[in-house]
Amino acid sequence: MTSIHCAQLFKVESQKCILVIRFNHSKSLARNCGIHYVNRSGNKQYQPSEQIAEDYTIEKTIGEGRFGICYLVSDGQKSYILKQLKRGMLKKAGAKARYEEEILKSIQHESVPRFIKKIEREDFYGYVLEFKEGRTFEDIIYLDKYVFEREEIYRIGCQLVEILKYLHSKSIVHRDIRVPNTLYDGQKVNLVDFGLARWINNEKYRADMDFAFLGDFLLHLYYSSFELKGFKKRPWYDELQLLPKELVFLKKLMGVNPRYTSIIEVEHDFYKTFEELTQLTAQVKL
């Protein structure tokens, strides 16, 4: 096999010799040769058709982050998300690595994936989550080049504010509301990846931490229709065409002006801001 010169690591598993290969540059060679791929962190990355705990079959890898690898899996009847936590991060994070499991178990909301079960073995630690429909806003904006109009931004924002209102009522701060962690099917928004979520203690973990993330998320939607004029880059509040109330609202979310202290304040100003915007839009259409 011509790929043997790429191998840096050999391992024996289940009384049969399996070549475990760590590539400096290519995963596809491992897949094509039927070889188990081990990523740089030393975690086995499972391939399509492999089974986990005899219950779930890997369909594809969805993505990999600092803390884990996510797969689309099936039990033969339904699809689920399997999140494999990386060994190195588990050791480094200690008890903090369990927060996501603990918090997800406490949530019952249609826009947040349900915790199904934990899988804990010598060679694998992770859990199975409900599969949520939709694509990430990151792909929709940057791959599809989709342009979000104000009315759609309003509908999306309404859903996110409602999700945050629920989480904060349960004393949960998400801390990672970004375009890769939000799914959209054209109508419904789902919030995923609770790896950084914590219980609010009003000291290290405060509810208002989510507001800057929400503001940044909304700015991504605004920028989807932005056309750069000239070469000079300016702050978002100078180059985006925003109504006065939009500008004040976003500045308070982002902390440019004194930040909101509660989701109730955010909700009130959000609806007030966009109510005026939708009225103006309706007048233009007439």
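All of the numbers you see were taken from the coordinates with simple rules; none came from a lab. All of these numbers come straight from a predicted model, not from anything done at the bench. Heads up, the Cβs are rebuilt from the backbone with ideal geometry, glycines too, and the neighbour counts pull from every protein chain shown.
Before moving on, here are some points about what is shown:
- Remark: segment 115-126, residue by residue, has Karplus-estimated 3J(HN,Hα) of 7, 9, 6, 9, 10, 10, 9, 4, 9, 7, 9, x Hz, where x stands for each Gly or Pro and the curve is 6.51 cos²θ - 1.76 cosθ + 1.60 at θ = phi - 60°.
- Here the Karplus relation 6.51 cos²θ - 1.76 cosθ + 1.60, evaluated at θ = phi - 60°, turns the backbone of segment 50-67 into coupling constants of 6, 9, 10, 6, 6, 9, 10, 10, 5, 9, 6, 7, 8, x, 9, x, 5, 9 Hz, with x for every Gly and Pro.
- Its Cα gyration tensor gives segment 52-131 an equivalent ellipsoid; the semi-axes, largest first and in whole Å, are 19, 16, 11.
- Taken one residue at a time, the phi angles of segment 139-144 give Karplus couplings (6.51, -1.76, 1.60, θ = phi - 60°) of 5, 4, 6, 9, 8, 7 Hz. Gly and Pro are set to x.
- Taking amide H as placed 1.01 Å from N in the peptide plane, the amide H of Ile172 sits under 5 Å from that of Ile200, each at least 5 places away or on another chain.
- Packing-based order for 155-165, 174-184, using average beta carbon neighbours within 10 Å, highest first: 174-184, 155-165
- All lysines inside 26 Å of Lys170 as judged from Cα atoms, apart from same-chain residues fewer than 8 positions distant: Lys83, Lys96, Lys105, Lys117, Lys118, Lys132, Lys188, Lys204, Lys252, Lys272
- Cα centroid of segment 51-127 to Cα centroid of segment 173-235, whole Å: 23 Å
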